[in-house]
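First up is the structure itself, then whatever we jot down about it.
The values are calculated or read from the model by the stated rules, or taken from the named source; none is laboratory data. Since the model is a prediction, treat every value here as computed from it, not as a measurement. Glycine gets a Cβ as well: all are built from the backbone with ideal geometry, and neighbour counts include every protein chain shown. With ligands, DNA and RNA removed, areas are computed over all heavy atoms of the protein, side chains included. Shrake-Rupley method; radii C 1.70, N 1.55, O 1.52, S 1.80 Å.
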Amino acid sequence: MTEETELKHSSDSPSKTRGGKGALRNTKHVINLKSMKFLRRQLRNNSTPAEAALWRILKGKQVAGLQFRRQYSIDKYILDFYCPALRLAIELDGDYHNCSSVQEHDKSREEELFNEYGINTLRFENRLVFEQPNCIVYAISKFKNY
């Protein structure tokens, strides 16, 4: 299997490079806003089976010694998983994300997170969590060593 089939990125995806205009920008005032606390908690308590399975893999620094957070908010966005040390968001996509309008929204969101906050995004289909979780771990490790 090639990396292109594992990662859902376009060739011009911002995650090909580190940092953005906002890479050094202080994000303290936009992280886990109090106004989004209830929604973050709801999402954590009602996670999808794929999110729950991936969380079991990511929690406790099991992947490359990296600390991940789940349902972490940056500005108006809630990220499925976030690694502060790498400024890396991990997003899981179900069938809902196969719609072109949703894909356009996802791309716009990725670009804003990258340009404003220097956050890169790796996207994976839900099925990959169950079928080939090692591919996700490999992609994160490869990103860390990039």
Being more than 14 Å from the chain's Cα centre (by Cα) and under 16 Å from F68 (Cα atoms): is that true of Y146 here? no
I'm trying to understand the selection: among the residues of the range 87-105, which are over 11 Å from the mean Cα position of the chain (by Cα) and surrounded by 15 or more Cβ atoms within 10 Å (Cβ to Cβ)? H97, Q103
Residue check: is D106 acidic (D, E) and touching a residue at least 40 places away in the same chain (Cβ under 8 Å)? no
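Mind listing whichever residues of the range 45-60 are among the basic types (K, R) and within 20 Å of I31 (Cβ to Cβ)?
K59
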Scanning the range 28-47 for residues that are surrounded by 10 or more Cβ atoms within 10 Å (Cβ to Cβ) and in a helix (DSSP H, G or I) gives V30, M36, K37, L39, R40, R41, Q42, L43, R44
Cβ-Cβ below 6 Å, separation at least six or inter-chain, first residue in the range 78-91 and modelled with pLDDT of 95 or more and small (G, A, S), second part of a strand (DSSP E or B) and open to solvent by 10 Å² or more (accessible area, probe 1.4 Å): which pairs? A89/Y82
Which residue, of F143, F124, F130, is assigned to a helix (DSSP H, G or I) and crowded, with 16+ Cβ neighbours inside 10 Å? F143
Could you check the range 48-75 and list, in sequence order, the residues that are assigned to a loop (DSSP other than H, G, I, E, B) and either open to solvent by 70 Å² or more (accessible area, probe 1.4 Å) or touching a residue at least 12 places away in the same chain (Cβ under 8 Å) (or both)? T48, Q62, V63, A64, L66, Q67, F68, D75
